[in-house]
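The values are calculated or read from the model by the stated rules, or taken from the named source; none is laboratory data. This one's a predicted model, so the numbers in the text were calculated from it and none came from an experiment. Neighbour counts are summed over all protein chains in view; Cβ atoms, including those assigned to glycine, are modelled from backbone coordinates with ideal geometry. Ligands, DNA and RNA are stripped out before the accessible areas are found, and what is left, the full protein with its side chains, is counted by its heavy atoms. Shrake-Rupley method; radii C 1.70, N 1.55, O 1.52, S 1.80 Å.
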Amino acid sequence: RRDAGSAKLDPLLTGAYQAFMAGDISKAENDYRKALQQTPNNRDALLGLAAIAANRGQAQEAASIYLRVLQLDPKDSAAQTGLIGLKGYSDPTLSESRLKTLLAQQPDVGYLHFALGNLYAYQARWPEAQEAYFNALHCDGGNADYAFNLAVSLDHLDQRKPALAYYQRALTLVKDRSASFDSEQLKKRIHELQAN
C-alpha cells in the first residue's frame, strides 16, 4: 500500500511502512501522521492511515481516508480496493465486477487479486478464491497472508498436500513480514495435516 518511489525519498514514510509491516501500529500511525503534517495530501501516508483504521475495525474512518485519496486521484487502485474491501460484501456482484475491471488494467497488482480472493472466499467460492490467491502470491511471493489464504482455499478444496506446503511457506514468510493470521493456530493446523 505504498509507493516505493516516494517512500525512498522520505525516511519517515519508510519507517512508518516498516513499523506497520512489523506490527508496530502505534509507531506507524505516529509516523504517517507526521508525514501528513509535512505534506497534507501525501498518498502513502493517507493509505497507511486508512489501512490502520481498517485493521482496527474503524470502517467509517478508513472509508473517509480512502475517499480523500480518490478525490486526489479517482483512478487510485489501492484506494478503490480498500473501499471495496470495506463495503464489498454488501454487493458482491458489483465488487467482483469492479475488481475485475481494475485487474484488467493492472494484472500484476497482488492486492487486487487478494481482494478478489477474499470476496470469493466470503462467498465460499473456493476454486475461484484459490486461483485469485495463487495469482496474488505470484505477484508478491514474499507476502505471508497471500500464502496463508492460498493454503486455506486449498484446504477447503480438500487438497491437503499443497495446502500443507503453502501453510509452511506462510509460516516461513511471517518471520520477515507481519501477517494477519495467528502463527500458533497455523502451527497447529500444520501439525494436524502432517499427522494425517
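Using C-alpha pairs below 8 Å separated by at least 6 residues, the relative contact order for the chain is 12 percent.
Using only helices, what value at 222 nm comes out for the chain when you add -39,500 (n - 2.57) per DSSP H run of length 4 or more and divide by the total residues, to the nearest 500 deg cm²/dmol?
-24000 deg cm²/dmol
For the stretch 110-196, the relative contact order works out to 23 percent when only alpha carbon pairs closer than 8 Å and six or more residues apart are counted. Protection proxy ranking of 12-19, 146-153, 54-61, by the mean of other Cβ atoms within 10 Å over each peptide's residues and highest first, is 146-153, 12-19, 54-61. Do any of LYS161/LYS187; LYS75/LYS100; LYS100/LYS175 go past 21 Å between their Cα atoms, and which? Over 21 Å apart, Cα to Cα: LYS100/LYS175. Taking the centroid of alpha carbons for each part, the stretch 31-87 and the stretch 139-160 are 27 Å apart.
Just to verify a number: FRET efficiency for ALA195 and GLN37, C-beta to C-beta distance, R0 = 41 Å, to 0.05? It comes to 0.15.
What FRET efficiency comes out for the pair SER97/ALA165, r = Cβ-Cβ distance, R0 = 22 Å, nearest 0.05? Computed FRET efficiency for SER97 and ALA165: 0.10.
Summarising the label geometry, the points placed 7 Å from Cα in the beta-carbon direction at GLU128 and ASP24 lie 4.1 nm from one another.
Looking at the square roots a ≥ b ≥ c of the eigenvalues of the Cα gyration tensor of the stretch 89-196, which shape do they give, rounded for a/c under 1.5, prolate if a/b is larger than b/c, or oblate? Verdict is prolate for the stretch 89-196.
Within a straight-line Cα-Cα reach of under 12 Å, LYS87 can be paired with the following aspartates and glutamates, leaving aside sequence neighbours fewer than 8 residues apart in one chain: GLU96. Working from the Cα coordinates of the chain, the gyration tensor eigenvalues give, after taking √(5λ), semi-axes of 29, 20, 14 Å in decreasing order. Surface listing: PHE134, PHE181 arranged by accessible area from highest to lowest gives PHE134, PHE181, probe 1.4 Å.
By the Kirkwood approach, averaging reciprocal distances over each pair of separate Cα atoms, the stretch 40-152 gets a hydrodynamic radius of 14.2 Å. In a fully extended conformation the segment linking ARG177 and LYS75 would gain 33.9 nm over its present Cα-Cα distance, using 0.36 nm per residue. A protection proxy built from the mean count of other Cβ atoms within 10 Å ranks the segments 38-49, 185-196, 101-112, most packed first, as 38-49, 101-112, 185-196.
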